[in-house]
Amino acid sequence: MPRYEIRIQNTDETYVCTDTRTLLEGMEALARRGIPVGCRGGGCGVCKVRIEAGAVRTEKMSRCHVSESDEAAGVVLACRAYPVSDVQLRAIDAMARCVERGPKDSFLDAARRAQRPTL
């Protein structure tokens, strides 16, 4: 089973992903807090990424979140994309906000801070 190196350009992190696991499943294996996971079926659009280099095989994705022109420009949902080579990707939209927070800062941590009154 082929194994590919995946680089998240937003954070310069890398992980290894086989061609039988989605890019999202590989990200989850990083064991970072804050990786957004929605429906895992290509319908919610939470895990949107842009493939900057390399190639992926995709399964059906909601056109509400990824239009044909988006897909032609390299935008895919990580839950529906499987690597077929080494890949460099950039998290975009909601995924970028979560990924760029850093490994120690979860979505819940950020939400709790936002609710704290300022003095």
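The values are calculated or read from the model by the stated rules, or taken from the named source; none is laboratory data. Here the structure is a predicted model, which means the values were calculated and not measured. Methodologically, a virtual Cβ is constructed for each residue, glycine included, from the backbone with ideal geometry; neighbour enumeration extends over all protein chains shown.
Within the stretch 41-52, the set of residues being buried (at least 16 other Cβ atoms within 10 Å of the Cβ) and either under 13 Å from the mean Cα position of the chain (by Cα) or within 16 Å of residue 91 (Cα to Cα) (or both) comprises 42, 44, 45, 46, 47, 48, 49, 50, 51. With respect to the conditions (1) part of a strand (DSSP E or B); (2) surrounded by 19 or more Cβ atoms within 10 Å (Cβ to Cβ); (3) not β-branched (Val, Ile, Thr), residue 61 lacks only one, and its number is (1).
For the structure I just gave you, tell me whether residue 55 is within 13 Å of the chain's Cα centre (by Cα) and on the phi < 0 side of the Ramachandran plot. Steps first, please.
Working: within 13 Å of the chain's Cα centre (by Cα): no; on the phi < 0 side of the Ramachandran plot: yes.
The answer is no for residue 55.
Of all residues in the stretch 92-108, those that are of a type in the set (Gly, Ala, Ser) have Cβ atoms under 8 Å from Cβ atoms of residues that are at pLDDT 75 or above, 6 or more apart or on another chain, in 94/45; 94/46; 94/48; 96/10; 96/90; 102/11.
Remark: pairs (first residue in the stretch 51-78, farther than 21 Å from residue 37 by Cβ and without any contact (Cβ under 8 Å) to a residue 40 or more places away in the chain; second residue polar (S, T, N, Q) and assigned to a strand (DSSP E or B); Cβ separation under 6 Å; 6+ apart in sequence or on different chains) = 53/88.
Residue pairs whose Cβ atoms lie under 9 Å apart, sitting 6 or more positions apart in sequence or on different chains, and linking a residue in the stretch 7-23 that is in contact (Cβ under 8 Å) with a residue 24 or more places away in the chain and assigned to a loop (DSSP other than H, G, I, E, B) to a partner that is among the acidic types (Asp, Glu) and surrounded by 13 or more Cβ atoms within 10 Å (Cβ to Cβ), are 10/100; 11/100; 22/59. Are any of the residues in the stretch 22-33 crowded, with 16+ Cβ neighbours inside 10 Å, in contact with a Ser or Thr (Cβ under 6 Å, 6 or more places away or on another chain) and over 14 Å from residue 94 (Cα atoms)? So far as the stretch 22-33 goes, no, none of its residues is crowded, with 16+ Cβ neighbours inside 10 Å, in contact with a Ser or Thr (Cβ under 6 Å, 6 or more places away or on another chain) and over 14 Å from residue 94 (Cα atoms).
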